[in-house]
Amino acid sequence: QVQLVESGGGLVQAGGSLRLSCAASGSISVTNGMGWYCQAPGKQRERVARITSAGITNYASSVKGRFTISRDNAKNMVYLQIDSLKPEDTAVYYCNTLWASAVWGQGTQVTVSS
């Protein structure tokens, strides 16, 4: 059974940091490339970071310089380091394949207070 389990969210003050984790299982191998997505209240889900099979990383312009995606191939996990958090980063964060082809996990809530 394919599963994606996100964790690490929380309530933080603006300027703070969080490290989100995503455990992949089943047929998903993080070595094939993964993305982090977020969905803010009333908005569509969007990808904010990705890491390709070659290890190339890309970020949405709104998070560039503040978010860092990484992975641990041996553990089949993907991480998102979020620094300099802003209230507009408040959202539920999800991980998925580069094509968002897997069943979505429950996500992890990030709430940033001003």
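Label-to-label distance for ASN73 and LEU11 is 4.1 nm, based on points extended 7 Å past Cα in the beta-carbon direction.
Taking 0.36 nm per residue of sequence separation and removing the Cα-Cα distance, the GLN39/ALA54 pair yields an extension gain of 2.7 nm. Within straight-line reach of LYS86, meaning a Cα separation under 19 Å, sit the following aspartates and glutamates at least 8 residues removed in sequence or on another chain: GLU46. If R0 is 25 Å, the Cβ-Cβ spacing of SER61 and GLN1 corresponds to a FRET efficiency of close to 0.10.
If you find the alpha carbon centre of the stretch 74-111 and of the stretch 1-51, how far apart are they in angstrom? When both Cα centres are located, 1 Å separates them.
Within a straight-line Cα-Cα reach of under 28 Å, LYS75 can be paired with the following lysines, leaving aside sequence neighbours fewer than 8 residues apart in one chain: LYS64.
When you restrict to C-alpha pairs under 8 Å that are six or more residues apart and normalise by the size of the chain, the relative contact order lands at 37 percent.
Comparing SER25, SER61, SER17 in a Gaussian network model of the chain (Cα springs below 10 Å), the most mobile by mean-square fluctuation is SER61.
A short reminder: the numbers here are calculations on the coordinates, not readings from a lab. Quick caveat, the model's predicted, so the values are computed rather than measured. Because the Cβ atoms are built from the backbone with ideal geometry, glycine has one as well, and the counts that use them run over all protein chains shown.
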